[in-house]
Amino acid sequence: MFLEKLQKRKEKKTNKVTDFTAGKTAGNSDGRNLQKKWQIKPDGEKKAVILKHAIESADAVVIGAGSGLSTSAGFTYTGDRFRKYFGDFAEKYGFEDMYSGGFYPFDSLEEYWAYWSRYIYINRYMNALKPVYEQLLKLVKNKDYFVLTTNVDHCFQKAGFDKKRLFYTQGDYGLWQCSGPCHRETYDNESQVEEMLKAQGFLFGESGEKEKLALPKGKKTGMRIPTELIPRCPRCGRPMSMNLRADNTFVEDEGWHWAAERYSEFLRRHRNLKTVYLELGTGMNTPSIIKFNFWRMTGRQPDAVYGCINLGEAWAPDEIKDKSICINADIGQTLQEMSETGVRK
Ligand SMILES: [Zn+2]
């Protein structure tokens, strides 16, 4: 019931904001008009500093995060990370990045899970290379904050964000579900993924450190897992699938519903307060989940501010230009700049 309502509300929102996208862009928004209302420092200061001041004086911060945030933290799906762990698959199939291999219709589940166990492990259980999520936590940890994210890599939890303040709408690499699905539960996959990797010949660090996943010296890794390791639904025996929102088989488990409820509640409670909607690395792939809602809420709420950090894609529609601070730069670098700025006296 709750979900239906949420979905209907979502649809309404999406319809309403289509006008926004037709408007001119306001790439130069710098929050000038916020100065009066929020007593934000005068013109000429760097946008990162203005945004920091806005966050400091806000009653609440709603973070909306997309894949750009993890990219900034070093979670790239190409380059060294890809070549090191997927060299054999790249050679056999011509994949150029992890992502495209994830869509490949492998002939067997043994090969499919060999690919996916590596994918899950390095993107979910290994740590990000740069402390971007940690920097973000420093910025908001003393605020009343909530995070809405389309990322499925668990980086918020790993960096220490409060689990009760997170809503990851699109799933989690660390969870499996029945592919039917015959029931609406999800299952942690860490130990099974490790078994699959060991079966392919990968080596773990001596004390089991996650960062130490290594290739066997002098021999190739296997590209199949043993049939008995194929994960199957404990109820109906169908193969398990990733708990990722790709189609209508996606399982929204109890945890998902609680998080959805907490997010709605957070928005309700702060509707009339000074709120910063901080969008980080959200592209135009699924704008209706974060971007359009943030624009709409900023437009409607008299005391709201829209902040956006996104390399190459930071802009706001004209309607909220005066309440927006858009920073077209790397997220990690911008957060670093913000952390080097002293607290406003
Ligand atoms: Zn099942």
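Here, each number is a calculation from the coordinates, and none is a lab measurement. All figures in this text were calculated on a predicted structure; none of them were measured in a lab. Methodologically, a virtual Cβ is constructed for each residue, glycine included, from the backbone with ideal geometry; neighbour enumeration extends over all protein chains shown.
Of note:
- Out-of-range pairs (alpha-carbon distance over 26 Å; input Lys46/Lys158; Lys47/Lys291; Lys84/Lys163; Lys52/Lys212): Lys46/Lys158; Lys84/Lys163; Lys52/Lys212
- As a size descriptor, the averaged projected area of the C-alpha convex hull of region 135-191 was calculated at 4.8 nm².
- Lys163-Gln333 FRET efficiency (beta carbon distance; Förster radius 41 Å; 0.05 resolution): 0.90
- Ranked by how many other Cβ atoms sit within 10 Å of their own Cβ, fewest first, the residues Val276, Val193 fall in the order Val193, Val276.
- As a rough guide to protection, the peptides 87-93, 212-218, 136-142 ranked by mean Cβ packing within 10 Å, highest first, stand as 136-142, 87-93, 212-218.
- DSSP beta bridges confined to region 110-255 are antiparallel in about 75 percent of cases.
- Estimated inter-spin distance, Thr76 and Asp322, nm [label 7 Å along Cα→Cβ]: 4.2 nm
- With R₀ fixed at 25 Å, the C-beta to C-beta distance from Asn127 to Glu261 puts the FRET efficiency at about 0.25.
- Sorting Ser67, Ser72, Ser288, Ser179 by the number of Cβ atoms found within 10 Å of their own Cβ, with the fewest placed first, yields Ser288, Ser179, Ser67, Ser72.
- Estimated from the Cβ-Cβ distance and a Förster radius of 30 angstrom, the FRET efficiency linking Thr249 and Ser100 is about 0.90.
- By the rule of a C-alpha distance below 19 Å, with chain neighbours fewer than 8 residues away ignored, the aspartates and glutamates paired with Lys274 are Asp30, Glu56, Asp59, Asp144, Glu265, Asp303, Glu319, Asp322.
- Per-q log10 I(q)/I(0), region 114-244, q = 0.16, 0.20, 0.21 Å⁻¹ (Debye; single scatterer per alpha-carbon; no solvent): -0.91, -1.18, -1.23
- Estimated at 0.36 nm per residue, the fully extended path between Arg83 and Cys236 surpasses their Cα-Cα distance by 51.4 nm.
- Extension gain for Glu228 to Asp188 (0.36 nm times residue separation, less C-alpha to C-alpha distance): 12.6 nm.
- Exposure proxy order (Cβ contacts within 10 Å, fewest to most) of Glu190, Glu134: Glu190, Glu134
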